[in-house]
Every structure is written in structure tokens, then in C-alpha cells.
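Right, one structure below, let's go through it.
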Amino acid sequence: MNYLKGWMIAFAMYSKIPMPAVEWERENMKYVMCFFPWVGAVSGLCFYLWGSYGKSVPVGETLYGVILTIIPVLITGGIHVDGFLDTMDALSSWQPKERRLEILKDSHAGAFAVIAGCLYFLTWFGFATELDSQGIPLVSLGFFLSRCLSGYAVTAFPCAKDSGLAAMFSEKAEKKKAQAVLLAETGAVLAVMLWTNLYPGIAVAAVSGLVFFWYYKMSRKKFGGITGDLAGWFLQVCELAILITAVAAEKF
């Protein structure tokens, strides 16, 4: 039963999919991170269906790309975009670590957040319209992979502070078991990627690993550890990197 409640909490927290109310007790939250990648599976499935069959609908290339761009945001409600914007504001401030952490908590969006958000979605839209039938499955699987890596980071990386979502999920997780499950899920999705399209799959796996390593180093250096906002930043950057890599692999 705790597994089912963990699944419900994961979807209630990280998606807009309606879920029954569940108490956020320690017993119910031990394995939330294990189910986090399955929110990405829903995003990936929707992305795949529209990416594969949307062109048979009488819409233009622009609207086709716009829908590919907004699908992940509609599924998640933009929770990870919010973290991305807050983190870009903090990184662009060039302030000491303590001030960066304060900026992350500020609910107001600064100029750098707006600029970064516009550039992000323009880049996503542009590369999404360049995807072909071979790249769509890889990008769809990337939503699952990015959350496997993010969930693992929550259970394994140091937190920048004792409060906040990342710290709460980290503190209440059954870390060793959750890490084992997340590593198994990571291995499974990578195997499917390589089976789907070997060399582009290798490229996507390598780039995802580099972004993950960069996330670890940057979070430690700039913030003293991860936060919920930084986790959102990582997801958005990792998914964009996967998209760009998939398109580049198709073309070159």
C-alpha cells in the first residue's frame, strides 16, 4: 500500500494529473522518487503520440512544433520550468552563495529568468520541428531518463539547505532502496534507447551523463548542494540537451 501511496504522491506533486489525496507521512514518501520517472513516461507517451501522428492532422509545421513544445509543460504544470527560471536568476546574479540561495526563494521573476525562459522555449521549438521519425522515440524516452537521474540526485547528492522540497524528499526517502530502483530504471531506459536507435542512443546517453555531472559540480560549487529549484533546472536542461543531441545525431 505504501508503494501505491508513493506513486500517488509523485504524480500529485510533479504532474497535473488528478490524484486522490494522500497524507505526506514518512511511510508514504519512502519510494516517491522511484515513481518520479513514470511522470516522465506519461509526458514521453504524449510527446511520442503527437510527434509520430501529429503530422497526419491538418495543421501547419509551426502549430505542430508548438504542441510538441507545450506538451511537457501541460503534463507537469510547469513545476520544473519554475525551478529553471529561479535558478537562471540566481546564476546570473553573480552573487555569493548565500545570496543565490535567497534569490532561489524569491517568487518574483527577474529579467534573466524571462530572457532564459524565452531562449529555452524558442530553442526547444526550433529543434522540435527538426525531429524525424527516428529521433522522436529517443526524445520521448528522455523524459523518463531525466527523471531517473534527477530522482537519484535527490537521494544521493548533498542538499544545499535543510528545508525545501528536495531536502524533504531526500530526508524521507528510503535512500539505498530508492537508489537501487532508480539505477535499475536508468539502465532499463538506456537499454531501450540503444535498442531503438544504437548510435544516436549512445550520443543521448553520453550527453545526459555529462549534464548530470555538470549538475553535480555546479550545484556543489555555486549553491553548496541541490535544491528543488536546481532539480527543476537540471530536468529542463537535460531534456533540451537530449532533444538537441537527437536532432544532431539524425543529421550528422
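Cross-link check: pairs Lys5/Lys176; Lys16/Lys176; Lys16/Lys222; Lys5/Lys177; Lys30/Lys97 evaluated at a Cα-Cα cut-off of 26 Å; pairs beyond the cut-off: Lys16/Lys176; Lys16/Lys222; Lys30/Lys97. Taking only Cα atoms and a 10 Å spring cutoff, compute GNM fluctuations for the chain and point out the largest among Leu68, Leu104, Leu49. The residue with the greatest mean-square fluctuation here is Leu49.
For Ile226, the residues 5 or more places off, or on other chains, whose built amide H falls under 5 Å of its own are Cys159, Ala160. Under a Gaussian network description of the chain, with springs only between Cα atoms under 10 Å, the residue in Ile79, Ile67, Ile115 that fluctuates furthest is Ile115. Centre-to-centre separation between the Cα atoms of the range 217-237 and those of the range 87-125: 12 Å.
Here the relative contact order of the chain, from alpha carbon pairs under 8 Å that lie six or more residues apart, stands at 27 percent. Computed over the chain with a Gaussian network model linking Cα atoms closer than 10 Å, the most mobile of Trp94, Trp50, Trp233 is Trp94.
Label the range 34-251 by shape, choosing from rounded, prolate and oblate, from the square roots a ≥ b ≥ c of the eigenvalues of the Cα gyration tensor; if a/c is under 1.5 it is rounded, and otherwise prolate applies when a/b is larger than b/c, oblate when it is not. It comes out oblate by the Cα gyration axes. Across the range 15-84, the relative contact order, built from alpha-carbon pairs under 8 Å that are at least six residues apart, equals 48 percent.
Throughout, read-outs are computed from the coordinates displayed, never taken from laboratory work. Fair warning: this is a prediction, and the values are worked out from it, not measured in the lab.
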